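Engineer: Dropping the structure in here first, questions after.
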Amino acid sequence: MVGDVGPDAHAGQEYEMVGKEAYTLAAEMVKKDMGYREDESTGNYGWEVGVCGLPAGWEVKEAPDISIYNWDTGVAVQKYEAMEETARTADSIHYRWMWNPKNVPCGVYVGVTNFHIGGKPVIGNIVEQRVKVFFRRENGKLIKTHETIPWD
């Protein structure tokens, strides 16, 4: 027969329909508090940047953003996250952003930020220390943890 490609010709479409139906049903159950809903994950590693010795009359026109890169591959795992101002004096300013490494693979990561202060760019600043994300065994379970790695 022309155009007949066998009994499994439409199997992919059927799986897609079943997947969409399952997703729709799950969403309805979550709305009714009947289904499984994963809690929003919060950041547990703080990236901080502070600039001191600023000239008189300095001003910040935009808050810095931070991007997180895998140290070994250079691949960005987080891009352009807005940092929050946490402290300010007459000649300094301090920012922080909380990162959640839950969905990143084990490895070493570095944060980089770009912004302007007093009309001058602060470009490509490496933020604080590097962080190593790894698994460790605790009470028979694998737990994802992290530790700060100082610069050599």
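Engineer: What number of residues within region 76-101 satisfy the criterion of being within 18 Å of the chain's Cα centre (by Cα) and within 19 Å of Asn44 (Cβ to Cβ)? Give the steps one after another, and end with the answer.
Structural biologist: Narrowing region 76-101 to residues within 18 Å of the chain's Cα centre (by Cα): 76-84, 95-101.
If we keep only those that are within 19 Å of Asn44 (Cβ to Cβ) too, we end up with 77-78, 81-84, 95-101.
Here the count works out to 13.
Engineer: Looking at (1) of a type in the set (D, E, K, R); (2) modelled with pLDDT of 80 or more; (3) surrounded by 10 or more Cβ atoms within 10 Å (Cβ to Cβ), can you tell me which one Glu128 breaks?
Structural biologist: Result: Glu128 passes all but (2).
Engineer: Here's another thing I want to ask about it. Hey, Gly35 hits all of (1) surrounded by 11 or more Cβ atoms within 10 Å (Cβ to Cβ); (2) at pLDDT below 80; (3) assigned to a strand (DSSP E or B) but one; which does it fall short on?
Structural biologist: If we test Gly35 against (1) surrounded by 11 or more Cβ atoms within 10 Å (Cβ to Cβ); (2) at pLDDT below 80; (3) assigned to a strand (DSSP E or B), just (3) comes out false.
The values are calculated or read from the model by the stated rules, or taken from the named source; none is laboratory data. No experiment lies behind these values; they were computed from the predicted model shown. Cβ: placed from backbone, ideal geometry, glycine included. Neighbour counts: every protein chain shown.
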